[in-house]
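The values are calculated or read from the model by the stated rules, or taken from the named source; none is laboratory data. Just so we're clear, the structure is a prediction, and the values are computed from it rather than from any experiment. Here the Cβ positions follow ideal geometry from the backbone for every residue, glycine too, while neighbour counts run over all protein chains shown.
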Amino acid sequence: MILDCTGRTEKFSYTLLKPWANAKYVTLSPPTLRNFDEHGIIGGLMKNGLDLLAANSTAIIEGKTLRWAYFIPSSNALTQLVDLARQKKVFINKIYVFS
């Protein structure tokens, strides 16, 4: 899984994801609100669906997906992640720089 907090989804390459390994690219900066602002509610819903479908149409045949995530900052959740990292139950394998 690649977790993107930069909002630069358009520059992402699916070659970074391993085929048929339930690989996911998750962005915390989806275009949802921008699409609603630019196209209204109905148009924004349609644009969001088409954007997600288009982003996944070629990669899904290799078992790779792009997903949009939404979050609310939570100190409890961050503390749990720190605890899991200290127990070596979760780790960062590699960091890719977008340039």
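Tabulated data for the structure shown
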{"read-out": "Checklist (1) under 23 Å from Thr15 (Cα atoms); (2) surrounded by 11 or more Cβ atoms within 10 Å (Cβ to Cβ); (3) aliphatic (A, V, I, L, M) applied to Ala54, failing item", "value": "(2)"}
{"read-out": "Qualifying residues in the range 1-39 (those that are of a type in the set (Gly, Ala, Ser) and touching a strand residue (DSSP E or B) at 6+ places or on another chain (Cβ under 9 Å)) - the one farthest from Tyr70 (Cα to Cα)", "value": "Ala21"}
{"read-out": "Considering residues of the range 56-73 that are within 19 Å of Thr6 (Cα to Cα) and among the hydroxyl-bearing types (Ser, Thr, Tyr) only, the residue modelled with the highest pLDDT", "value": "Thr65"}
{"read-out": "Residue satisfying condition, being surrounded by 11 or more Cβ atoms within 10 Å (Cβ to Cβ) and either modelled with pLDDT under 85 or of a type in the set (S, T, N, Q) (or both), within set Asn35, Asn22, Asn76", "value": "Asn35"}
{"read-out": "Pair list, Cβ under 6 Å, 6 or more apart: the range 60-73 residue among the aromatic types (Phe, Trp, Tyr), other residue surrounded by 13 or more Cβ atoms within 10 Å (Cβ to Cβ) and part of a loop (DSSP other than H, G, I, E, B)", "value": "Trp68/Pro30"}
